[in-house]
C-alpha cells in the first residue's frame, strides 16, 4: 500500500435486511484521495456496504447495522454522532439519476446548500459553477441553468447529481454503480470526472464493470456473499489475485 | 372497439350535459346582479336575492377549510411517510371508511356535540360539520399523492444531509403538490354542495349572520326550501341558485386544471 492516509475504515461491519444477513463482518480501510472500487457478483452486499458508510441503509425499514464505521478517527455510528451531519461529509451518487423534478438545473446543483440554509447568492453561484465544472457539465448547461433539471439527457442528469453531491464539498464521495444506467459516451464523461475528483476527495465506487474498475480505480475490493474476499492495489488484484475466488470472478467464470 | 368506447364516453357525458342544460334554462331567468347582492324577499315580491346564502356557504366552507386542510394534510403526510407502522395502516383504513360516511350522520354528530350544548344553530357548527366531510378526502388524496413520490428522491435528499422533516416538506410535498391541491379543491367543491350536515347545524336565516355563532343561510339549504315551496317565483330562484352553485363547481374544477397545468408546464421525465 502506498503512503496515503486512511480516510474511512470499517470494523466488523454487519448489516441485515429483515432476516437476510447482507454483510457478515466487513473490516477494511479506504485510503484518502484515492479511488477505491468495490466489485462482486449481484447480491454480494456491495451496495449495502456503501449505504452503511453514509448511514442511508438504516433509513430502510426493518434494517439493522452493527459494528463500526470510522471517519477520521470517529465512529459515525456512535450515539453522539448526528447522522444528518455525517451525510454532509460523505456524499452519495445513486445508480439511477435522481434530480429533483420540480427544480431547475441551478437549483438542483445547489439543493444541498440551499436546503441546509445557505442564502448568499454569490457563494451559491460560485459553488454551482465549481461543482458543475468538476462534473464536466458546466459547458453544456451554463446557458440553460434555469431550465428544469429533468430536461437533460440521462447522462447529463447523472452528472448533475454528481455536481449536486460535490456542491456540499464533502470529504468522501460514494457512488453506487453510477454509470450502469448510462450509454458508453456518457459513461466515459463520468469516468473522466471521477479520476479528477480524487485530487480533492476520497472516492468509493461500487461497480459491476470489471474494465471500469481496472480503468479508474487505485484500489479494488472484491466481495462475495457478504464477505470481503480480497483488497489491494488494483493492478495487483487484477494481475495476481491472492484468492482463487477473485481469479474466477475476474476471468469471468462466474458473476 | 373504438366505436364502443366512444359510445360509452358519450353515454357517460350525456347526463352531465342534460343537467347543465336544464339548470341553465330554468335558472337563467332568475340571475341578475340584484339576485346576487340582495337579501331574500317574500314570494312574488320582486328584487329578492340570495346574497346571504352565498356569504353563508362561503363562510362555512371557509371555516371547514381552516380546520380540515392542516389536519388533513398532516394526516396524509403520516399515512405516506410512516406507512410501515401499524398505527398508520389502521388509521388509514379508518380514514377510508370515513370518506364514505353518510353526511347526515356527520351532521347529527355535530348537532349533538355543538348545537345541543350551546342551544344554538350556528355557522360555526355548520363549518365543523363540513370539516368532517372534507377531512377524510384531503387526508386520503394527500397520502396517495405523496406515496407516488419515488423513494429515490427522498434518499437523494437525505444523502445531501437534509433532515427528514425538511425532506418531507420541501422535497416530498414540493414534488407532490399538484395532488395535494387537487385533493383540497375537490374537497372544497364537495363541501360547497353539501346540504344535510348544514341543515342540522346552521339551520337557515333570511338575514346575514352577524357572527359565526349565529344561524346562517346557505345556497344548498335555500334550494331545498325554495324548491319545495308552493311559490313559482321562489322555485325559479331555486333554479337560479342551483345555476350559481354549478358555476362555482365548474370554476373550482377549472382552477384545479389550470393549477396543475401551470405546475407541469416545462417539466418532462426521462425514462
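Every number in this text was worked out from the coordinates using simple rules, so none of it is lab data. Note that the structure is a prediction, hence the values are computed from the model and not measured. Quick reminder, even Gly has a Cβ in these numbers, built from the backbone with ideal geometry, and neighbours come from all protein chains shown.
A few notes on this one:
- Using alpha-carbon coordinates, inclination of helix A:184-197 to the longest axis of chain A, degrees: 90
- Spread over its residues, the convex hull of the C-alpha atoms of the protein assembly as shown is 216 Å³ per residue.
- A simple spin-label model places the labels of residue B:164 and residue A:60 1.8 nm from each other, with each point 7 Å out along Cα-to-Cβ.
- Computed E for residue B:37/residue A:95 - FRET, C-beta separation, R0 56 angstrom, nearest 0.05: 0.35
- Counting DSSP beta bridges with both ends in the protein assembly as shown, the antiparallel % (nearest 5): 60
- With Cα atoms, 0 to 90° folded angle of helix B:232-264 axis to chain B main axis: 20
- FRET efficiency for the residue A:125 to residue B:6 pair, using the beta carbon distance and R₀ = 45 Å, is estimated at 0.25.
- Extension gain (nm, one decimal) between residue A:85 and residue A:133, 0.36 nm per residue minus Cα-Cα: 14.7 nm
- FRET efficiency for residue B:208 and residue B:14, using Cβ-Cβ distance with R0 set to 35 Å, rounded to 0.05: 0.30
- Shielding by partners, peptide A:94-101 (average Cβ within 10 angstrom, other chains): 5
- Across peptide A:180-192, the average count of Cβ atoms from other chains found within 10 Å of a residue's Cβ is 0.
- Quotient of the Cα radius of gyration of the range A:127-169 and 2.2 N^0.38 Å, N being its number of residues: 1.00.
- Values of log10 I(q)/I(0), in the order q = 0.11 Å⁻¹, for chain B under a Debye, Cα-only, solvent-free model: -0.75
- With the simple spin-label model, which puts each label point 7 Å out from Cα in the Cβ direction, the residue A:208 to residue B:249 separation comes to 5.3 nm.
- The Kirkwood radius of the range A:175-255, taken over pairs of alpha-carbon atoms, gives through the Stokes-Einstein law at 4 °C and 1.567 mPa s a diffusion coefficient of 96 µm² s⁻¹.
- Spacing of the modelled spin labels on residue B:259 and residue A:247, each 7 Å from Cα toward Cβ, amounts to 6.7 nm.
- Cα long-axis angle, helix B:173-192 against chain B (0 to 90 degrees, to the nearest 10): 20
- Zone of residue B:229's modelled label, taken as backbone nitrogen in the range B:27-71 under 16 Å from a point 7 Å along Cα→Cβ: B:30-31, B:35-54
- Whether the range B:39-167 is rounded, prolate or oblate, judged on the alpha carbon gyration tensor where a/c under 1.5 counts as rounded: prolate
- By the count of neighbouring beta-carbon atoms within 10 Å, fewest first, A:208, A:57 end up ordered A:208, A:57.
- Size of chain A: Rg and Dmax of its alpha carbons, in Å, are 18.1, 55.
- Per-residue average of Cβ from other chains inside 10 Å of B:151-157: 6
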